[in-house]
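First comes the structure, then the notes that go with it.
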Amino acid sequence: MKTLHIVGFKNSGKTTLIARWVRLLKKEGLSVAVLKHHGHGGQPAMPDASTDTMQFFDNGADASVVAGGGAVQLLMNAEPEFTELKRWASISNPDILLIEGYKEQQGEKVVLLREREDWEALQSLDNIQLIVGCPGLTVDGTHITSRTEQQQLDSWLLDWVGRVNEDETI
């Protein structure tokens, strides 16, 4: 399984890019999973309070799992460590795992920039493979100046998928 972190600050285009890349990878016949860090404070949006799942959850269930129609939803009253979340996101044994956020964790990264100050804050991250955004920025390595350069972004991703490290296979 190949893993790629897509990182940047709020409203840098992470979710939009990941959604595009999921569609692209699926068209290429690859299986894809996504792990997202909810960095907005508090809990992610929860199901309606009237659902059975939320009643169990609100009454203290450590975990509430609902399955049906070919989908599974898991709610937990705890937040596991990153390595455990990554393991869960990989439970379907995907070819590719895209991770939104978790920029301080190890792994290859695509950095999305809104402005030059973003680069000043993020350039010290490890294993940066691609920098996207901030026209006029001069950096070593691969840099696509605009998130609207969809053909370049897609070509870069497919090239990245084709690179197989010694410890990874797809």
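Criterion first (out of contact with any helix residue (DSSP H, G or I) (no Cβ under 8 Å at 6 or more places or on another chain), more than 30 Å from residue 148 (Cβ to Cβ), at pLDDT 90 or above and not in a strand (DSSP E or B)) does residue 104 satisfy it?
Numbers: out of contact with any helix residue (DSSP H, G or I) (no Cβ under 8 Å at 6 or more places or on another chain): yes; more than 30 Å from residue 148 (Cβ to Cβ): no; at pLDDT 90 or above: yes; not in a strand (DSSP E or B): yes.
In short, no.
Taking interchain pairs and intrachain pairs at least six residues apart, which have beta carbon atoms under 6 angstrom, with the first residue in the range 120-138 and touching a residue at least 12 places away in the same chain (Cβ under 8 Å) and open to solvent by less than 70 Å² (accessible area, probe 1.4 Å) and the second outside any loop (DSSP other than H, G, I, E, B) and among the aliphatic types (A, V, I, L, M)?
Pairs that qualify, where the first residue is touching a residue at least 12 places away in the same chain (Cβ under 8 Å) and open to solvent by less than 70 Å² (accessible area, probe 1.4 Å) and the partner is outside any loop (DSSP other than H, G, I, E, B) and among the aliphatic types (A, V, I, L, M), are 122/111; 128/111; 130/110; 131/111; 132/112; 132/144; 133/112.
How many residues are of a type outside the set (Val, Ile, Thr) and either buried (at least 20 other Cβ atoms within 10 Å of the Cβ) or under 18 Å from residue 162 (Cβ atoms) (or both) if we restrict to the range 1-19?
8
Which residue pairs have Cβ atoms under 9 Å apart, sit 6 or more places apart or on different chains, and have a first residue in the range 98-111 that is closer than 16 Å to residue 132 by Cα and a second that is open to solvent by 10 Å² or more (accessible area, probe 1.4 Å) and among the acidic types (Asp, Glu)?
109/126
Given (1) among the aromatic types (Phe, Trp, Tyr); (2) at pLDDT below 80; (3) under 29 Å from residue 4 (Cβ atoms), identify the lone condition not met by residue 88.
All conditions are met except number (2).
Can you find a residue that is modelled with pLDDT of 85 or more, of a type outside the set (Val, Ile, Thr), farther than 22 Å from residue 2 by Cβ and assigned to a loop (DSSP other than H, G, I, E, B) anywhere in the range 39-49? Steps first, answer last, please.
Restricting attention to the range 39-49, the residues satisfying the condition of being modelled with pLDDT of 85 or more are none.
Looking for residues that are modelled with pLDDT of 85 or more, of a type outside the set (Val, Ile, Thr), farther than 22 Å from residue 2 by Cβ and assigned to a loop (DSSP other than H, G, I, E, B), one finds none in the range 39-49, hence no.
Of a type in the set (S, T, N, Q) and surrounded by 11 or more Cβ atoms within 10 Å (Cβ to Cβ): does that describe residue 93?
Taking the combined requirement at face value, the residue does not satisfy it.
For every residue, the table says whether it meets (1) touching a helix residue (DSSP H, G or I) at 6+ places or on another chain (Cβ under 9 Å); (2) not in a strand (DSSP E or B).
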{"site": "65", "(1), (2)": "yes, no"}
{"site": "72", "(1), (2)": "no, no"}
{"site": "84", "(1), (2)": "no, yes"}
{"site": "87", "(1), (2)": "no, yes"}
{"site": "93", "(1), (2)": "no, yes"}
{"site": "98", "(1), (2)": "yes, no"}
{"site": "125", "(1), (2)": "no, yes"}
{"site": "131", "(1), (2)": "yes, no"}
{"site": "154", "(1), (2)": "yes, yes"}
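Considering every residue within the range 42-59, establish whether at least one is on the phi > 0 side of the Ramachandran plot and of a type outside the set (Gly, Ala, Ser).
no
The values are calculated or read from the model by the stated rules, or taken from the named source; none is laboratory data. Model, not experiment: these values are computed from the prediction. Here Cβ is always computed from backbone atoms with ideal geometry, including for glycine, and neighbour counts include all displayed protein chains. Accessible surface areas use protein heavy atoms only, side chains included; no ligands, DNA or RNA. Shrake-Rupley method; radii C 1.70, N 1.55, O 1.52, S 1.80 Å.
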